[in-house]
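Everything on this sheet refers to the single structure shown next.
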Amino acid sequence: MTTKLLLEKYFKDVWNYNPPPFDIIHKPGNGTGESNAPYYGREQFGRPYFMPVSLGVNQGANDIQLRNPVVKITCRKTIVETAMVNRGGTVKELINTEDYKINIKGFIIREDNMYPLNEIAHLNEYFEKNMAFYIRSQLTDVFMKDADMVVFTDITWPELVGVENVKPYEINLITDSKFKLILD
């Protein structure tokens, strides 16, 4: 059985999600668009995958690569609703847009069939650091500005029974935008 078929099975087993096939037959160019992040990355043995995500301490640094990620981004607006007398409905006042919440699900895979202990420890070291990181991805670059960073809020290591060389992970991040405080 190939890794492609296993990835689809693992997503179904761990998160009850049936992804489309991971096989990239035709890449519509490897340009980077307006973002500096690539559309495609390569696994250890050269297989391409779509939409790599990297985290780094410095802008432009790719300290850790998250391969074959599934990324979900959510954001809410804070809106104050005020009921008016003799009027149906409410008046809405937009206060602000909250931080983006980024959920990344994926698998750490060792192609040599060994348990990915070092790779798990490396990702967990990032979680344990109490600091913000730069994130690079075509998708996150749509919503975030150049100086925006992310902070880990939680990490989950779901079980995957009977597989030695694969460890699923799920991480949640929130944006951490820089701002200037001007005192008059």
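Applying both filters, DSSP loop and at most 14 other Cβ atoms within 10 Å, to the chymotrypsin sites (Phe, Trp or Tyr not before Pro) of segment 129-184 gives Phe179.
Taking Lys and Arg as +1 and Asp and Glu as -1, the other residues whose beta-carbon sits under 9 Å from that of Trp157 total -1.
Solvent-accessible area assigned to carbon and sulfur over segment 117-183 amounts to 55 percent, based on a 1.4 Å probe. Accessible surface comparison of Ile135, Ile182, probe 1.4 Å, protein chains only, largest first: the order is Ile182, Ile135. For segment 63-133, the per residue solvent-accessible surface stands at 66 Å², with DNA, RNA and ligands left out and a 1.4 Å probe. Taking label points 7 Å from Cα along the Cα-to-Cβ direction, Asn172 and Asp112 give a separation of 3.6 nm. Does segment 63-184 classify as rounded, prolate or oblate by the C-alpha gyration tensor (a ≥ b ≥ c root eigenvalues; a/c under 1.5 gives rounded; else a/b over b/c gives prolate, otherwise oblate)? Prolate, because a/c is 1.5 or more and a/b exceeds b/c. Using a probe of 1.4 Å, the accessible surface attributed to Arg136 totals some 60 Å² when neighbouring protein chains are kept in position.
Applying the Karplus relation 6.51 cos²θ - 1.76 cosθ + 1.60 with θ = phi - 60° to segment 149-160 yields 3J(HN,Hα) values of 10, 10, 10, 5, 9, 7, 9, 10, 10, x, 7, 9 Hz, where x marks Gly and Pro. Compared with the alpha-carbon gap, the fully stretched path from Ile182 to Arg76 is longer by 35.5 nm at 0.36 nm per residue.
The figure for Val57 is an accessible area of roughly 50 square angstrom, using a 1.4 Å probe on the protein chains alone. Just grab the label-to-label distance for Thr156 and Arg87, each label 7 Å out from Cα along the Cβ direction, in nm (one decimal). My value for the distance between the label points is 4.3 nm.
The values are calculated or read from the model by the stated rules, or taken from the named source; none is laboratory data. Just so you know, these numbers come straight off a predicted model, no measurement behind them. Because the Cβ atoms are built from the backbone with ideal geometry, glycine has one as well, and the counts that use them run over all protein chains shown. Accessible surface areas use protein heavy atoms only, side chains included; no ligands, DNA or RNA. Shrake-Rupley method; radii C 1.70, N 1.55, O 1.52, S 1.80 Å.
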